[in-house]
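Note sheet for the following structure.
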Amino acid sequence: MRLIVTQLLQYARPTEYAGYVEAVDVNQVLENSLVLVAHLLARTHIEVVRDLQATARTGINRQELQQVVINLMINAIQVMPEGGTLRLRTRDREDGRAGVLLEISDTGPGLSERVKERLFRPFFTTKNDGNGLGLWISVGLVERYGGSIEGLNRRELGEDSAGASFRVWLLTEPLAPQEGPTGPMEARRA
Ligand SMILES: Nc1ncnc2c1ncn2[C@@H]1O[C@H](COP(=O)(O)OP(=O)(O)OP(=O)(O)O)[C@@H](O)[C@H]1O
Ligand SMILES: [Mg+2]
């Protein structure tokens, strides 16, 4: 509850809460977030599959990105009560734009057209105990850094299995060039 309220306040008054922006390794954020949802994973038979190939970093507030990832992971876990596969993928953008793709996929029922249209609206939920705020807050956080989120069915991505896939598109870090552990980073302004 405290986390939700804090995020809501950040959303309503972004200038007062503007987070510290740094060059963030999305793979590391995924790993850290997994630790935080481990208690939920332990209750089900969900297999976690990692395919983390992004090398670029993204300019964002680490805690805010973690909040987004946790929201997406919890949604994925909630649609697989009988178990399934949680797949985490990261890629450097391949379309020539400087950026990183972070994708969280499940093997749940997927998204109906009706749900897909409403995903990012505040208070839209199909759950008995949902607030319908997770995705709305998440998209707000990501857009502030020039990113975006899309919700798709895995079949729309050419895959042969049911389930949803949430793709978070982030910009390559817009800070001054720095040396990271993986070598010089490309710095580009959004
Ligand atoms: N991985 C998913 N598979 C299928 N439907 C999803 C998935 N993620 C989100 N949805 C749909 O989108 C709705 C909105 O999601 P959102 O995270 O914003 O709210 P919530 O999970 O219902 O509640 P809250 O996150 O506030 O606890 C969900 O109620 C569900 O209908
Ligand atoms: Mg949610």
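The values are calculated or read from the model by the stated rules, or taken from the named source; none is laboratory data. As the structure is a prediction and not an experimental result, all values here were calculated from the model. Virtual Cβ from ideal backbone geometry, glycine too; neighbours counted across all protein chains shown. To get the accessible areas, we keep the full protein, side chains included, count just its heavy atoms, and leave off ligands, DNA and RNA. Shrake-Rupley method; radii C 1.70, N 1.55, O 1.52, S 1.80 Å.
Before moving on, here are some points about what is shown:
- Boolean, Arg87 is modelled with pLDDT of 95 or more, of a type in the set (Lys, Arg), more than 13 Å from ligand 2 (Cβ to nearest atom) and farther than 26 Å from Arg50 by Cβ: no
- Residue check, Ile60 under 21 Å from Leu135 (Cα atoms), modelled with pLDDT of 95 or more and open to solvent by less than 20 Å² (accessible area, probe 1.4 Å): no
- All positions within the stretch 57-100 that are out of contact with any helix residue (DSSP H, G or I) (no Cβ under 9 Å at 6 or more places or on another chain), more than 10 Å from ligand 1 (Cβ to nearest atom) and not charged (D, E, K, R): Gly59, Gln63, Pro81, Gly83, Thr85, Gly96, Ala98, Gly99
- Pro109 falls short on exactly one of the conditions (1) within 13 Å of ligand 1 (Cβ to nearest atom); (2) crowded, with 16+ Cβ neighbours inside 10 Å, and that condition is (2).
- Sole residue being modelled with pLDDT of 95 or more, of a type in the set (A, V, I, L, M) and surrounded by fewer than 20 Cβ atoms within 10 Å (Cβ to Cβ), chosen from Val69, Val79: Val79
- Residue satisfying all of: in the stretch 74-88; free of Cβ contacts under 8 Å to residues at least 60 places away in the same chain and in contact with a Leu (Cβ under 7 Å, 6 or more places away or on another chain); nearest to Leu170 (Cα to Cα) among these: Leu88
- Only residues that are farther than 17 Å from Val168 by Cα and of a type outside the set (Val, Ile, Thr) were counted across the stretch 33-53, and they come to 9.
- Test set (1) within 11 Å of the chain's Cα centre (by Cα); (2) within 16 Å of ligand 2 (Cβ to nearest atom) - Leu170 fails condition number: (2)
- Arg89 meets the conditions (1) under 15 Å from the mean Cα position of the chain (by Cα); (2) surrounded by 15 or more Cβ atoms within 10 Å (Cβ to Cβ); (3) over 21 Å from Asp160 (Cα atoms) in every case but one. The failed one is (3).
- Pairs linking a residue in the stretch 105-126 that is without any contact (Cβ under 8 Å) to a residue 40 or more places away in the chain and within 14 Å of Val79 (Cβ to Cβ) to a residue that is hydrophobic (A, V, I, L, M, F, W, C) and open to solvent by less than 50 Å² (accessible area, probe 1.4 Å), with Cβ atoms under 8 Å and 6 or more positions apart or on different chains, are Leu119/Leu111; Leu119/Leu135; Thr126/Val115.
- Only one entry of Gly158, Gly147, Gly132, Gly151 meets the criterion of being away from ligand 2 (no atom under 13 Å from the Cβ) and either touching a His at 6+ places or on another chain (Cβ under 7 Å) or open to solvent by less than 20 Å² (accessible area, probe 1.4 Å) (or both), and that entry is Gly147.
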